[in-house]
Amino acid sequence: MIAANLTLIRKSIPSTVTLVAVSKTKSNEDIMEAYEAGQRIFGENKVQELIEKQATLPKDIEWHMIGHLQTNKVKYIAPFVSLIHSVDSNKVLSVINKQAQRNDRVIDVLLQVHIAEEDAKFGLSKTELNEILMSADSYVNVNIRGLMGMATFSENNELIEKEFEFLKFLFENCKTKHDLPRSFDTLSMGMSGDYGIAIEKGSTMVRIGSHIFGIRN
Ligand SMILES: *Cc1c(COP(=O)(O)O)cnc(C)c1O
């Protein structure tokens, strides 16, 4: 089932769009099924679960942290994480930089922007985003690869379109307003319910869970 779902999703997205298989709450067995079908990039939203899975599953998996990250937990994932999607404060960025330095690494990150109507979702405002980008030069052990955002959970496609358009606008705006390296190339938007719209609006990375692994409890 998982392998068939992956095949269908791969067919429906352009080859230039990176697929992150969101495996939160799913077993190692399920993850291995996706792995056997060729999937190598997996996303988790909890540090504890991420470190347990990383320790037991194949070492060529690229682990992405997609959930809110507390500063005191950065140290546990700094040795291996390949992309952190959820940088939502200057504080967490500076801690990632420090822990990356300790591990003699440069860690790729995305800045998470608040684009949804709901208050509950984490993310930077447009002003905070610009502030972080202005001080980004001082962090030599992080590489800011782009932006991430989550649209409102809604049936209203027009609303979702508007939110993704706004994130794409900010992404392009960052490139013109700030002196960013060419590696600022990643726009992480789109989940099971809205990845089609996200890709239309310029997403380069989709994070898909339930459409691959089935619904979560
Ligand atoms: C859970 C999660 C996803 C995947 O959600 P699905 O609707 O299951 O595809 C994507 N992004 C983030 C940040 C998540 O927490």
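Quick look at the values:
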read-out: FRET efficiency for ALA37 and VAL106, using Cβ-Cβ distance with R0 set to 35 Å, rounded to 0.05; value: 0.70
read-out: Amide hydrogen neighbours beyond the local backbone of LYS26, cut-off 5 Å, H modeled; value: none
read-out: Stokes-Einstein D for the stretch 7-57, Kirkwood Rh over Cα pairs, 25 °C, 0.890 mPa s (µm²/s); value: 208
read-out: Kirkwood Rh in Å, taken over all unlike Cα pairs in the stretch 18-84; value: 11.9
read-out: Distance from the stretch 58-128 to the stretch 137-186 (C-alpha centre basis), Å; value: 15
read-out: Rounded, prolate or oblate (a/c below 1.5 giving rounded, otherwise prolate when a/b exceeds b/c) for the chain by Cα gyration tensor; value: oblate
read-out: Computed over the stretch 1-116: relative contact order in percent, which uses C-alpha pairs under 8 Å that are six or more apart; value: 19
read-out: Percentage relative contact order, the chain, counting C-alpha pairs under 8 Å, at least six apart; value: 20
read-out: Dipole-positive endmost among VAL206, ASN97, LEU133 within the chain (Cβ charges, Cα centre); value: ASN97
read-out: Max mean-square fluctuation residue, GNM over the chain, Cα-Cα springs under 10 Å, options LEU19, LEU111, LEU133; value: LEU133
read-out: Selected from PHE153, PHE171, PHE80 as most flexible by GNM, with the chain as the system and alpha-carbon contacts under 10 Å; value: PHE153
read-out: Helix-only mean residue ellipticity at 222 nm for the chain, each DSSP H run of n ≥ 4 adding -39500 (n - 2.57), per residue, nearest 500; value: -12000 deg cm²/dmol
read-out: Potential lengthening between THR25 and ASP119 on full extension [0.36 nm per residue; Cα-Cα distance subtracted]; value: 31.4 nm
read-out: Shape call, the stretch 141-217: gyration tensor on alpha carbons, a/c limit 1.5; value: oblate
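No value in this document is a laboratory result; all are computed from the given coordinates. What you see is a predicted model; the values in this text were computed from it and never measured. Here the Cβ is made from the backbone with ideal geometry for all residues, glycine too, and neighbour counts use every protein chain on show.
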